[in-house]
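Asker: Sharing a structure here in structure tokens format.
The values are calculated or read from the model by the stated rules, or taken from the named source; none is laboratory data. Source: prediction; values computed, not measured. Virtual Cβ from ideal backbone geometry, glycine too; neighbours counted across all protein chains shown.
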Amino acid sequence: MPYVFGFLVMLLIAGGVVALVLTVPAKSQAAFLRAAGPGFAVATGAALTLFGRAGIGLPLIGAGVAWWLRNRGVRPVPGGASRKSTVRSATLEMELDHDSGELDGIVLAGPMEGKRLSGLRDRQLLEMWRNCAGDDESRQLLEAYLDRRIPGWRENAKAEGGARQAGPARSGAMTKQEAYQILGLQPGAGPQEVRDAHRRLMKRVHPDHGGSTFLAARINEAKDLLLH
């Protein structure tokens, strides 16, 4: 009897899907599938599991949950790795971990090329900062890192006569590829994913919360580019 009931339920669901395909415009179908698809997958998986088909039902439940997380802008990362945003300049590649809020970077040019900022001594970082006088973008990225690692470093730098002078404006427009990297998204991410990533990152780097004005500006720029 349970098998008959399960078969009838699946038949009704299949009939509803066919009716949807035949009567609803394709654009509306896509929107409906995006909204209702995860719930349908979980419900079908639960029904199959209940009727003794756990080998099929449980993976279907997992797929439905992953689909729902994707729609919410939370992308599962293979191997359990953290999602990261990447901002590059001529000298640095800075990474922001979405989960922990940790900031680190790799030196791309100069005497410290190839080394991570977390592996350098404080004096080496300050020396690098002084040597970035002609690269305002790299200097601002390094300042964002120094603000977190060495609170009060600015006062010492000013006392030594190393206060930052206004540098040249950033050259070249941001590309869409850069925008996705800054927001930590895969190319083709939808508008809601962009908004969710922007909101999540701004909580980490907003100047009102002790973050970086420069990073906040880049994150805002990335969002605006991808939504327009």
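Asker: Please report, ordered by residue number, the helices (runs of 4 or more DSSP H) entirely within segment 83-165 with at least 3 residues that are assigned by TED's automatic domain parsing to the domain that holds F214 and over 29 Å from the mean Cα position of the chain (by Cα).
Answerer: Correct list: 122-131, 153-159.
Asker: OK, next. Select from segment 83-112 the residues that are farther than 27 Å from A173 by Cβ and loosely packed, with under 15 Cβ neighbours inside 10 Å and list them in ascending order.
Answerer: Hits for segment 83-112 are D99, S100, G101, E102, P111.
Asker: Just for segment 150-195: of the residues that are charged (D, E, K, R) and modelled with pLDDT of 90 or more, which one is surrounded by the fewest Cβ atoms within 10 Å (Cβ to Cβ)?
Answerer: K176
Asker: Can you tell me which residue among L117, L141 is of a type in the set (A, V, I, L, M), under 10 Å from L92 (Cα atoms), touching a residue at least 60 places away in the same chain (Cβ under 8 Å) and in contact with a strand residue (DSSP E or B) (Cβ under 6 Å, 6 or more places away or on another chain)?
Answerer: L141
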